[in-house]
Each structure stands twice: as structure tokens, then as C-alpha cells.
Amino acid sequence: MKSPLLSLPGAVPAEGVDEGVAAHYGDLFREQRALAEGTGFVDLSHRGVVTVSGEDRLSWLHLLLTQHVSDLPPGQATEALILSAHGHIEHALYLVDDGATVWAHVEPGTQDALIAYLESMKFFYRVEVADRTADTAVVHLPAGSIAEVPQDVVVRETPYGRDLFLPRADLESYAEKAGPAAGILAYEALRVEQHRPRVGFETDHRTIPHELGWIGTAVHLQKGCYRGQETVARVQNLGKPPRRLVFLHLDGSEVHLPAPGTELRVADEAPDGRKIGFITTSVRHHELGPVALALVKRNIPVDAPLMAGTTAAAQEAVVEP
């Protein structure tokens with residue numbers, strides 16, 4: 001979905017997964033500061049939007065998701081995962097129920113696969129699953145924003161801000177009222193600062209929830225069975241995850257950021273030494289400078305200085321060893 005807001009002055013299109021919205025509008029750090037101060041908005045209209053309606057919607061989703069949602073009150077935001085049979089992360093859903101329908105936004109382009117899975121699990125339950133991406137745009141208002149929310153718009157309120165499920169036809173007119181616009185790079189910089197993982201960025205084909213700190217926020221440990229639950233319970237009760245998420249402060253003298261996938265090694269080992277992890281997301285932050293999220297082997301000491309390619313990096317633990 002190509003956003004009409006790409007026609008705003010200064011808009012530079014994002015690339016890759018976030019293609020379709022603006023990377024920035026001409027001043028990345030100004031946009032970051034505006035969001036941090038609670039002003040402006042972020043166009044997330046490229047994200048997939050899926051709804052589940054019907055009287056069995058919450059009890060049915062409760063059987064499929066990692067989160068406890070059978071008694072989810074209307075208006076209360078939550079997040080949940082769908083795992084593979086082996087416990088690996090496949091989807092992250094950012095949910096809210098409006099009293100009649102569950103609304104969720106998901107990673108761009110993943111809604112078809114998600115809906116196919118949900119449809120395959122309907123059986124005799126009284127639920128209707130719909131792809132609302134074509135008519136609904138997600139807009140993010142940062143924490144502290146006093147921007148007006150249109151009447152009858154579904155809102156998902158979190159500590160990080162509010163996600164609006166806005167009619168796509170109203171996106172341009174709402175942008176005129178809610179400005180200034182901030183691009184996805186500003187949003188991503190704050191996400192990294194907040195240590196929030198993102199599917200497809202902090203995950204690969206074998207990532208389990210414990211590695212990213214999603215236990216408790218997206219995974220409820222006192223609920224019934226769901227696909228992949230055996231792996232979650234086994235790691236929680238009997239062991240430790242093989243990897244852990246870390247926040248990295250990168251050497252600010254380097255011109256280029258280490259790209260996602262850049263291999264990590266311990267700094268005092270030889271350049272061709274063992275690889276102990278990789279960069280997942282790297283950004284330039286308006287206060288912290290160049291920073292990143294990364295996955296490293298669990299047993300790497302928290303105080304061990306690292307190298308991301310040729311860039312020095314100091315770690316902060318997100319998930320404890």
C-alpha cells in the first residue's frame with residue numbers, strides 16, 4: 001500500500017519491508033525529537049490490518065495466541081504471538097477489542113499468511129476473519145500527544161503511544177490536523193531505544209520468545225495450550241534460551257552504521273574469531289548517537305566489549321543471561 005502522505009513536502013520513501021511510507025520528511029533528528037516530546041504522528045499505513053468478529057472471537061483467539069485474551073476488556077491493548085509447532089515466532093499481533101471486534105495490526109505483507117492460518121483453525125467457532133488493510137490505515141501518536149482522535153476510530157493505547165485504526169480515506173485530512181509528520185526511521189529509532197523487538201528484524205527462522213524478552217508482555221505463562229506452548233514451558237521451567245537480545249552503543253566515529261546481519265565477535269579475539277551474534281536493527285538516535293539491537297549467544301559476558309564488523313560496540317542487557 002503506497003501512502004498518499006508520500007506527497008508531503010520533503011518525504012523520502014522508505015525501502016525494504018517499510019516500503020510504501022516515508023523514511024523521513026527531511027530532518028530525521030527533528031522528527032525524533034518531536035515524537036519524544038509527544039508531538040506529531042507516524043504514518044504506519046503500510047502495516048497489515050486484520051479483524052476478528054463474532055461472539056466466539058476472544059475464546060477462539062485465546063486458543064491460538066500466546067497471550068491470555070479470553071477476558072480481554074474492551075479498549076485494553078495487548079500484544080500476542082503466533083508460534084510454530086516448534087515454538088518459533090511466526091507472527092506478532094498488536095491487538096485491541098472494541099467490544100464487538102478484535103482489531104490487530106501486523107508486519108507489512110504478512111496479513112495474508114496470518115489470515116490463511118486463522119481461517120484454517122476456525123472449525124465450528126462463530127468467528128469472522130477479515131483483511132482490513134485496504135480500507136484501514138494505522139497511524140501512531142506518540143506518548144504524551146494531545147492530538148485529537150476522530151470519533152468512532154478504534155484506538156490501541158500503550159505506554160509508547162496510541163495506534164489509531166483510521167479509515168484510509170481519511171488519512172490525508174487527518175495528517176493536516178495531527179502534524180508534523182515523522183517518518184518510519186524516527187519511529188524505529190525510538191523503538192530501538194525502548195528495546196522493543198520487531199518480527200522480521202529481531203527474529204529469524206529459529207527465534208523463540210524468551211530470547212527477545214517477550215515473556216510476560218506477549219506470552220502469558222499461566223494460560224492453556226496453544227501451538228508451540230511446549231517449547232515455551234520447557235525453556236521457562238528447565239533451561240535458558242540459546243540467545244539473548246542486547247542493546248548496543250556503537251562507536252560514533254564510524255561513518256556508516258553496521259547493517260542488519262553484521263556479525264558480532266568479542267573485541268579481544270582475532271578478527272577471524274568465533275561469531276557470537278549479529279546486528280538486528282541499527283539506527284542513529286537524536287541523543288544516544290548510533291545504537292543497535294542485536295542477538296548474541298546467551299553465555300557471552302554482559303560486560304564483554306564487542307565488534308560489529310569493524311565497529312566497536314558496548315552492550316546493555318535486555319534479556320539477562
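The values are calculated or read from the model by the stated rules, or taken from the named source; none is laboratory data. Because the structure is a prediction, the values reported are computed rather than measured. Please note: Cβ atoms are built from the backbone with ideal geometry, for glycine as well, and neighbour counts cover all protein chains shown. The protein model used for the area step is the full one, side chains on, heavy atoms only, and it has no ligands, DNA or RNA in it. Shrake-Rupley method; radii C 1.70, N 1.55, O 1.52, S 1.80 Å.
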Original post:
Pick from the stretch 227-239 the residues that are in a helix (DSSP H, G or I) and over 21 Å from D71 (Cβ atoms): which of them is most open to solvent (accessible area, probe 1.4 Å)?
Top reply: L238
Subject >> Sole residue being closer than 30 Å to I146 by Cβ and aliphatic (A, V, I, L, M), chosen from L248, L185, L238 >> reply: L185
Original post:
What number of residues within the stretch 116-157 are within 25 Å of S59 (Cβ to Cβ), open to solvent by 60 Å² or more (accessible area, probe 1.4 Å) and of a type in the set (D, E, K, R)?
Top reply: 6
Subject >> Qualifying strands (runs of 3 or more DSSP E) (wholly inside the stretch 241-321; at least 1 residues being of a type in the set (A, V, I, L, M, F, W, C), at pLDDT 95 or above and open to solvent by 50 Å² or more (accessible area, probe 1.4 Å)) >> reply: 277-285, 311-317
Original post:
Of the residues that make up the stretch 95-104, is at least one of a type in the set (S, T, N, Q) and touching a His at 6+ places or on another chain (Cβ under 7 Å)?
Top reply: no
**OP:** Taking P74 as meeting all but one of (1) over 25 Å from R132 (Cβ atoms); (2) open to solvent by 30 Å² or more (accessible area, probe 1.4 Å), write down the number of the exception.
**Re:** (1)
Original post:
Which of (1) open to solvent by 40 Å² or more (accessible area, probe 1.4 Å); (2) modelled with pLDDT of 95 or more; (3) under 13 Å from V139 (Cβ atoms); (4) part of a helix (DSSP H, G or I) does R162 not meet, given it meets every other one?
Top reply: (4)
**OP:** Under 6 Å between Cβ atoms, at least 6 apart or on separate chains: pull out the pairs that start in the stretch 195-215 with a residue that is outside any loop (DSSP other than H, G, I, E, B) and end on any residue that is hydroxyl-bearing (S, T, Y) and open to solvent by 20 Å² or more (accessible area, probe 1.4 Å).
**Re:** none
Original post:
For residues in the stretch 25-44 being surrounded by fewer than 24 Cβ atoms within 10 Å (Cβ to Cβ) and under 19 Å from the mean Cα position of the chain (by Cα), which is nearest to A113 (Cα to Cα)?
Top reply: L44
Original post:
Pairs under 7 Å by beta carbon, first residue in contact (Cβ under 8 Å) with a residue 40 or more places away in the chain in the stretch 120-133, partner open to solvent by 40 Å² or more (accessible area, probe 1.4 Å) and aliphatic (A, V, I, L, M), six or more apart or different chains?
Top reply: T133/M1
**OP:** Test G224 against the stated conditions and say whether it is under 19 Å from L190 (Cβ atoms) and open to solvent by 20 Å² or more (accessible area, probe 1.4 Å).
**Re:** no
Original post:
Within the stretch 50-66, which residues are polar (S, T, N, Q) and out of contact with any strand residue (DSSP E or B) (no Cβ under 9 Å at 6 or more places or on another chain)?
Top reply: S59
Original post:
What number of residues within the stretch 281-305 satisfy the criterion of being in contact with a Lys or Arg (Cβ under 7 Å, 6 or more places away or on another chain) and of a type in the set (A, V, I, L, M, F, W, C)?
Top reply: 2
Original post:
Tell me, which strands (runs of 3 or more DSSP E) lie completely within the stretch 1-115 with 2 or more residues that are touching a Gly at 6+ places or on another chain (Cβ under 6 Å), of a type outside the set (D, E) and touching a residue at least 40 places away in the same chain (Cβ under 8 Å)?
Top reply: 22-24
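Residues checked against (1) out of contact with any strand residue (DSSP E or B) (no Cβ under 9 Å at 6 or more places or on another chain); (2) not aliphatic (A, V, I, L, M):
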site	(1), (2)
E230	yes, yes
R243	no, yes
V246	no, no
E263	no, yes
V266	no, no
I279	no, no
G289	no, yes
V296	no, no
Subject >> Matching residues, the stretch 136-159, being out of contact with any Gly (no Cβ under 6 Å at 6 or more places or on another chain), of a type in the set (A, V, I, L, M, F, W, C) and assigned to a loop (DSSP other than H, G, I, E, B) >> reply: I146, A147, V149, V153
